[in-house]
1. Select from region A:77-94 the residues that are facing chain B (nearest Cβ under 9 Å), exposed (fewer than 14 other Cβ atoms within 10 Å of the Cβ) and among the hydrophobic types (A, V, I, L, M, F, W, C) and list them in ascending order.
2. Name the single residue that is surrounded by the most Cβ atoms within 10 Å (Cβ to Cβ) among those in region B:81-97 being more than 10 Å from the chain's Cα centre (by Cα) and under 16 Å from B:ALA27 (Cα atoms).
3. Let me spell it out: the conditions are (1) within 28 Å of A:GLY44 (Cβ to Cβ); (2) touching a Ser or Thr at 6+ places or on another chain (Cβ under 9 Å), and A:GLY98 meets all of them except one. Which number is the exception?
4. Kindly indicate which of B:VAL50, B:VAL41, B:VAL18 is within 15 Å of B:ALA83 (Cα to Cα) and within 7 Å of another protein chain (Cβ to nearest Cβ).
5. With the requirement that a residue be loosely packed, with under 13 Cβ neighbours inside 10 Å and without any contact (Cβ under 8 Å) to a residue 12 or more places away in the chain, what does region A:109-139 give you?
6. I need the full set of residues from region B:20-31 which are out of contact with any strand residue (DSSP E or B) (no Cβ under 8 Å at 6 or more places or on another chain) and either under 12 Å from A:SER25 (Cβ atoms) or of a type in the set (Lys, Arg) (or both), in order please.
7. What do you reckon, is A:ALA110 in contact with a Leu (Cβ under 9 Å, 6 or more places away or on another chain), closer than 26 Å to B:GLY15 by Cβ, in a helix (DSSP H, G or I) and facing chain B (nearest Cβ under 7 Å)?
8. Select from region A:38-71 the residues that are among the hydrophobic types (A, V, I, L, M, F, W, C) and in contact with a Pro (Cβ under 9 Å, 6 or more places away or on another chain) and write down the one among them that is farthest from the other protein chains (Cβ to nearest Cβ).
Amino acid sequence: MTVADVLLLALGAVAVGAGVLVVTSAHLVRSGLYLVVSLGAMAGLYLVLGAELVAWVQILVYVGAVVVLLLFAVMLTRAPIGPSTDLDRPALPAVLIGGGAGLGLAALFADAFRWTFYAMPEPGTAERVGEQIFGGWVLPFEVLSILLLSALVGAIVLSRPDIGARAAATATEHERGA
Amino acid sequence: MHVVIPYVVGALLFGLGVYGVLRRRNAILVLMAVELMLNAVNLILITADVSLRPGLTGVVIESWARPGSGVPAADTGTGGVLALFVIVLAAAEVGVGLAIILQYYRMRKAVVVDDVRLDAGEERVAG
């Protein structure tokens, strides 16, 4: 057990524990806040694994933007403050499939990598990642920027009823009138 | 370091995400579970970048990826680049997904996945 192993174990335990709370908590808002803990622990795991830039992007994009967006959505949909009783479906199929997938994959990985010891990677700098992205991965990078732009436009069109949903709205009004 | 630890953590988190998607009825909670799954995949990508690096020495990458630079060895750090791409995709997915959820909430005053009627459009055409 090296220091890296202990760190990996501790951060992994935090990530998995918070993940369990995300999918079991009866409070909508608490679920989102546990997601912050889980994603933060995972950023710590990236740091230990030497992917420094990815860790900071994870903090910036996930914890800073995605979770805030999710919490905004929780509030905009008038979620109750206290615990909700009707959040869950029957557990059995979910436990079967989710537990099967998780434990099966874990067993597969544990079998494949057992206790092989790997040297610590040298910490990846932003310079190296930049060389990679703008060297070998330039085409996917540009495609991704187009995808982001279209997602942006799509989200705006979807959420503004005066642009996107006009036809549907007039149709339902017509239906109600008739 | 023992690379099996992050691999197993990633696998367990993926299982938790699957469980959450199947178990939760609230659409926002389903999105949170999807985020858990995407992050598990990211963790596995980064871990694979560390653990499979020794096996990549001397591997020649496809020529279209690096035009004009001779025959380079396979790059290390590709897992990190892919993880960054996945993060960007997840951000786009959450944006569009939440727009859909909010629009649905505005129409029906509910965010319960079970109540979404997939045949509503056909009925309108028929009626």
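1. The initial filter retains those residues of region A:77-94 that are facing chain B (nearest Cβ under 9 Å), namely A:77-79, A:84, A:86-91, A:93-94.
From what's left, exposed (fewer than 14 other Cβ atoms within 10 Å of the Cβ): A:78, A:86, A:90-91, A:93.
Within region A:77-94, A:ALA91 is the sole residue that qualifies.
2. Looking at the filtered set, the residue picked out is B:VAL94.
3. Only one criterion in (1) within 28 Å of A:GLY44 (Cβ to Cβ); (2) touching a Ser or Thr at 6+ places or on another chain (Cβ under 9 Å) is unmet by A:GLY98, namely (2).
4. Details: B:VAL41 fails: within 7 Å of another protein chain (Cβ to nearest Cβ); B:VAL18 fails: within 15 Å of B:ALA83 (Cα to Cα).
That would be B:VAL50, the only listed residue that is within 15 Å of B:ALA83 (Cα to Cα) and within 7 Å of another protein chain (Cβ to nearest Cβ).
5. Matches in region A:109-139: A:ASP111, A:ALA112, A:ARG114, A:TRP115, A:THR116, A:PHE117, A:ALA119, A:GLU127, A:GLY130, A:PHE134, A:VAL138, A:LEU139.
6. Residues of region B:20-31 out of contact with any strand residue (DSSP E or B) (no Cβ under 8 Å at 6 or more places or on another chain): B:20-22, B:28-29, B:31.
Answer for region B:20-31, where residues must be out of contact with any strand residue (DSSP E or B) (no Cβ under 8 Å at 6 or more places or on another chain) and either under 12 Å from A:SER25 (Cβ atoms) or of a type in the set (Lys, Arg) (or both): B:GLY20, B:LEU29.
7. In short, no.
8. That would be A:LEU47.
The values are calculated or read from the model by the stated rules, or taken from the named source; none is laboratory data. Keep in mind the model is a prediction, meaning the values are calculated, not measured. Cβ: placed from backbone, ideal geometry, glycine included. Neighbour counts: every protein chain shown.
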